[in-house]
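In what follows, a single structure is set out as structure tokens and then discussed.
Since every read-out is calculated from the coordinates, none of them should be taken as a lab result. These figures come from a predicted structure and were not determined experimentally. Note: ideal-geometry Cβ built from the backbone for every residue, glycine included; neighbour counts use all protein chains shown.
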Amino acid sequence: MHLPLGTHANRQGRVAGSVIGGRPARFPGVLGTAVTRVGELEIGRTGLGAAQAAQAGFAHRTDTIEATTRAGYLPDAGGIAVKLVSERGSGRLLGAQLVGGPGSAKRIDVLATAVWAGMTVDDLAGVDLSYAPPFSPVHDPVTTAARVASRSPAR
């Protein structure tokens with residue numbers, strides 16, 4: 001996909017410079033990972049959305065959870081929604097989107113890493129993510145979403 005972001009341009013420039021300098025290099029592609037903020041609302045995406053997965057011919061499913069960005073008893077615990085797109089049968093994570101309050105957007109990096117590594121929702125559900133009440137509820141929304149997707153009978 002063509003996604004004109006500075007990070008991709010920088011990586012492509014490094015590859016070009018390496019090749020010009022005689023060192024083998026290749027550009028591995030992109031997942032389309034991006035974040036933005038509108039006021040206090042943070043939005044992130046990576047990999048394939050449901051429509052893109054269908055267009056690419058994947059038999060896929062989506063699972064969405066709602067949680068909080070911090071321990072729920074903290075006064076600044078904002079909401080977050082995490083949507084995972086996974087391949088039916090294998091459970092391989094194909095993409096993800098999230099939206100929520102402060103502390104939401106950077107969670108997309110964990111999801112991008114999981115997509116890039118070819119992880120399944122089962123794999124992701126068992127990842128050891130950090131916990132401290134000001135940063136996450138006991139079960140991070142990323143692993144909670146993966147747990148929901150992994151135990152679904154229609155997977």
Residue in region 67-81 that is farthest from Arg92 (Cα to Cα), counting only those that are surrounded by 18 or more Cβ atoms within 10 Å (Cβ to Cβ) and not hydroxyl-bearing (Ser, Thr, Tyr): Ala77
Filtered residues of region 17-49 (kept if within 23 Å of Leu94 (Cα to Cα) and among the acidic types (Asp, Glu)): Glu42
Residues of region 32-68 that turn out to be touching a residue at least 60 places away in the same chain (Cβ under 8 Å), under 20 Å from Val121 (Cα atoms) and touching a Lys or Arg at 6+ places or on another chain (Cβ under 9 Å), as a count: 6
Every pair of residues 6+ apart whose Cβ atoms lie under 9 Å, when the first sits in region 87-102 and is of a type in the set (Lys, Arg) while the second is part of a strand (DSSP E or B): Arg88/His60; Arg88/Arg61; Arg92/Ser86; Arg92/Thr120
Residues (assigned to a strand (DSSP E or B) and either over 17 Å from Gly49 (Cβ atoms) or out of contact with any Asp or Glu (no Cβ under 9 Å at 6 or more places or on another chain) (or both)) located in region 76-91: Gly79, Ile80, Glu87
Number of positions in region 38-66 that are crowded, with 20+ Cβ neighbours inside 10 Å and closer than 16 Å to Ile108 by Cα: 7
